[in-house]
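Student: Below you will find the structure I want to go over with you.
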Amino acid sequence: RFYCDYCDTYLTHDSPSVRKTHCSGRKHKENVKDYYQKWMEEQAQSLIDKTTAAFQQGKIPPTPFSAPPPAGAMIPPPPSIPGPPRPGMMPAPHMGGPPMMPMMGPPPPGMMPVGP
């Protein structure tokens, strides 16, 4: 007899065809998915608990985002928000910057080369 740990049941026969049929079944697949999902949740909770305990013991310093920024501090906008180019960054071509460098080598699949 074969015992399936995921389904908590014994199969009637222990033959490869019976095991294969059982393992390809909907209920077995759901049980496997549930088993690993619970395992992942337990691992995540364990990591959260360890991190919280280490933080409370002072082993982990507070993050720079845990305190408000000092008065007058400038926080740069995220890259997705348009605005003036930041120092050290090249302006986008549509903002009057230098023309794009021509591509070297073959174009990526699905892209046609642009001629003069």
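Student: Taking K and R as +1 and D and E as -1, what net charge do the other residues with C-beta under 12 Å from the C-beta of Tyr35 add up to?
Tutor: Around Tyr35, the charge tally is -3.
Student: Ranked highest first by the average count of other Cβ atoms within 10 Å around their residues, in what order do 19-27, 38-46 fall?
Tutor: Packing order, densest peptide first, comes out as 19-27, 38-46.
Student: What three numbers, in Å, describe the spread of the alpha carbons of the range 1-55 along their principal axes, ordered from the longest?
Tutor: Dimensions of the range 1-55 along the principal axes of its Cα atoms: 53, 19, 14 Å.
Student: Rounding to the nearest 20 debye, state how big the charge dipole of the range 1-55 is about its Cα centre with +1 on each Lys and Arg Cβ and -1 on each Asp and Glu Cβ.
Tutor: In debye, rounded to 20, the range 1-55 gives about 320.
Student: A further question follows. Calculate the FRET efficiency for Gln43 and Cys4 from the Cβ-Cβ distance with a Förster distance of 35 Å, rounded to the nearest 0.05.
Tutor: E between Gln43 and Cys4, to the nearest 0.05, is 0.95.
Student: Let me ask something additional. What does the charge count around Thr9 come to, taking other residues whose C-beta lies under 14 Å from its C-beta (Lys +1, Arg +1, Asp -1, Glu -1)?
Tutor: -1
Student: In Å², and per residue, what accessible area does the range 1-55 have when probed at 1.4 Å with the other protein chains present?
Tutor: Per residue, the range 1-55 has an accessible area of 85 Å².
Student: Just want to confirm a number: the relative contact order over the range 1-55, from Cα pairs under 8 angstrom separated by 6+ residues, in percent.
Tutor: Once divided by the residue count of the range 1-55, the mean separation gives 24 percent.
The values are calculated or read from the model by the stated rules, or taken from the named source; none is laboratory data. All values derive from a computational prediction rather than experimental measurement. A quick note on method: Cβ atoms are made from the backbone with ideal geometry, for glycine too, and the neighbour counts reach across all protein chains shown. Quick note on the areas: whole protein, heavy atoms, side chains included, nothing else; ligands and nucleic acids left out. Shrake-Rupley method; radii C 1.70, N 1.55, O 1.52, S 1.80 Å.
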